[in-house]
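Worksheet for the structure shown next.
The values are calculated or read from the model by the stated rules, or taken from the named source; none is laboratory data. The model shown is predicted, which means the values in this text are computed figures rather than measured ones. Every residue, glycine among them, receives a Cβ derived from its backbone with ideal geometry; neighbour counts consider all protein chains shown. Side chains included, ligands, DNA and RNA excluded: accessible areas come from the protein's heavy atoms. Shrake-Rupley method; radii C 1.70, N 1.55, O 1.52, S 1.80 Å.
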Amino acid sequence: MNLFTRTFSKIFKSSNQQELDKIQIIVEAINNKENEIKSLSEGDFREKTFNFKKNAQNGSSKIEEIIPESFALVREAAKGTLGERHYDVQLAGGIILHKGKIAEMKTGEGKTLVSTLPAYLNSLTGRGVHIVTVNDYLAKRDSEWMGKVYNYLGVTTGCVTNELDDTERKKNYSYDITYATNNELGFDYLRDNMKYELEEMVQRSHNFCIVDEVDSILIDESRTPLIISGKLEDKTTLYITTNEFIKHLQKNDFELDEKNKNAILTDLGIDKIEKLAIQKRVLKNNNFYDPANLDLVHHVNQALKANLLFKKDTDYIVRDSKVQIIDEFTGRVLDGRRFSDGLHQAIEAKENVKVEEENQTLASITYQNYFRLYAKLAGMTGTAMTEAEEFFDIYKLNVVSIPTNKKMLR
């Protein structure tokens, strides 16, 4: 290890330790509340939650002021319902999450239990808390398992999974704490943005979000786009008709720009297309470039490109009655990929195979942009320090490494 690395390591460790030292004061304050909380009945827990909510929502107190008492309540509730008492390091993890940071905790240190602390505290504002898991099974399991703790405290819990309809989704998002996968959250956000009535939207404000396996979701999958596509009006016959037009053209009817793969009709060519279009009754107002003929112009241009600039067995192949693109750099077939803007359909018409319907992107967002919508974002994982710089650069999230409850033997 060179001198720079040693020096950097010392500074980094000390900043992490400084954070843990500050948290230790709050952990001691939580522990000092334990005996007082132990004597409460279940009704007392619910009453305290009711009062916390009232004060937090009318602005008479800030949730920061009740961290020790609220965390002590959650710990006692977990002990009573699950038989699990939060360790001091788990309390520290909860404080880190509440501060909108990433808690690096080794596997097996009970991250699911840790998330109950900040989730309860932040739910008191009435603006909702989202806890993100990597699959539907974990979302369901954690919401039912930790739901016992929340229920004991008088806080409602929901879970959004793939099979729910909009009514059920809206209901589950309206609860104090909602468990869901990153996929469901992202697509619900996109679908909400396509709705015409506010009442039809299922999500509410993006207030506070805790992401489990945060490195996987916010770094590895960060640029994965979520896309909602929709069918365009079926124009199959127009592709076939315009393809027929091109067969009547001669060399002086068009100009080619092979480098940029572009084709332009000459005046002679336009006259010829106009006559053909009148015969086929697809020309409006007897003028090819009339605004009413925008669709026709587009289809003719794509048919020109398909017939004159895109070559079979060079740019594409026809296999099993389907047009498949060939990668110009590798020569490999790009399975499932299609030329955009109607060009693929024009080539299908040229090759006399079935012209597939066109799709258009109706809504799209990446996970990175979705999670940056939240007013406060936090996360947990066993491995975050290696990507600490990326977390800060992209999301302004700091990573705090929390020691294990017992000394590591490995």
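Points worth noting:
- Test result for PHE288, among the aromatic types (Phe, Trp, Tyr) and under 20 Å from GLN345 (Cα atoms): no
- Close pairs (6 angstrom Cβ cut-off, 6 or more residues apart or separate chains): in a loop (DSSP other than H, G, I, E, B) in the stretch 215-243, open to solvent by less than 60 Å² (accessible area, probe 1.4 Å) anywhere: GLU221/TYR367; SER222/TYR367; SER222/GLN368; ARG223/THR366; THR224/TYR367; LEU232/GLU358
- Looking across the stretch 96-112, the residues that are under 17 Å from VAL27 (Cα atoms), touching a Leu at 6+ places or on another chain (Cβ under 8 Å) and among the aliphatic types (A, V, I, L, M) come down to LEU97, ALA103.
- Checking LEU164, LEU238 one by one, the residue that is open to solvent by less than 70 Å² (accessible area, probe 1.4 Å) and in contact with a His (Cβ under 8 Å, 6 or more places away or on another chain) is LEU238 and no other.
- Residue that is nearest to the chain's Cα centre (by Cα) [pool: residues in the stretch 59-81 that are open to solvent by 40 Å² or more (accessible area, probe 1.4 Å) and in contact (Cβ under 8 Å) with a residue 12 or more places away in the chain]: THR81
- Residue match in the stretch 376-391 (condition: at pLDDT 95 or above, basic (Lys, Arg), under 19 Å from GLY100 (Cα atoms) and in contact with a strand residue (DSSP E or B) (Cβ under 8 Å, 6 or more places away or on another chain)): yes
- The condition of being closer than 19 Å to GLY128 by Cβ and either under 18 Å from the mean Cα position of the chain (by Cα) or open to solvent by 70 Å² or more (accessible area, probe 1.4 Å) (or both) holds for only one of GLU199, GLU244, that being GLU199.
- Search result, residues across the stretch 156-177 that are touching a helix residue (DSSP H, G or I) at 6+ places or on another chain (Cβ under 6 Å) and either among the hydrophobic types (A, V, I, L, M, F, W, C) or in a strand (DSSP E or B) (or both): THR157, GLY158, CYS159, VAL160, ILE177
- Selected residue (only one of THR383, THR404 is open to solvent by less than 50 Å² (accessible area, probe 1.4 Å), of a type in the set (S, T, N, Q), closer than 30 Å to SER14 by Cβ and in a loop (DSSP other than H, G, I, E, B)): THR404
- Any hit, the stretch 300-321, residues being within 21 Å of LYS235 (Cα to Cα) and loosely packed, with under 15 Cβ neighbours inside 10 Å: yes
- Unmet requirement for THR157, which otherwise passes all of (1) more than 21 Å from ASP142 (Cα to Cα); (2) at pLDDT 95 or above; (3) hydroxyl-bearing (Ser, Thr, Tyr); (4) open to solvent by less than 60 Å² (accessible area, probe 1.4 Å): (1)
Yes/no per residue for (1) open to solvent by 40 Å² or more (accessible area, probe 1.4 Å); (2) more than 29 Å from the chain's Cα centre (by Cα):
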residue	(1), (2)
GLY269	no, yes
ASN293	no, yes
PHE339	yes, no
ILE347	no, yes
LYS350	yes, yes
TYR367	no, no
ALA375	yes, no
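- Criterion violated by PHE71 - all others in (1) outside any loop (DSSP other than H, G, I, E, B); (2) within 19 Å of ASN182 (Cα to Cα) satisfied: (2)
- Filtered residue count, the stretch 32-68, keeping only those that are in a loop (DSSP other than H, G, I, E, B) and aliphatic (A, V, I, L, M): 1
- Of all residues assigned to the stretch 204-220, none qualifies as being hydroxyl-bearing (Ser, Thr, Tyr) and crowded, with 18+ Cβ neighbours inside 10 Å.
- Restricting the stretch 95-111 to residues that are at pLDDT 95 or above, of a type outside the set (A, V, I, L, M, F, W, C) and open to solvent by less than 30 Å² (accessible area, probe 1.4 Å), the residue that is nearest to ALA388 (Cα to Cα): GLY100
- Against the list (1) surrounded by fewer than 12 Cβ atoms within 10 Å (Cβ to Cβ); (2) in contact with a strand residue (DSSP E or B) (Cβ under 8 Å, 6 or more places away or on another chain), the condition ASN262 fails is (1).
- Selection from the stretch 255-283 of residues that are in contact (Cβ under 8 Å) with a residue 12 or more places away in the chain and either of a type in the set (Phe, Trp, Tyr) or assigned to a loop (DSSP other than H, G, I, E, B) (or both): GLU258, LYS261, THR266, LYS280, VAL282, LEU283
- Number of positions in the stretch 244-254 that are among the hydrophobic types (A, V, I, L, M, F, W, C) and in a loop (DSSP other than H, G, I, E, B): 1
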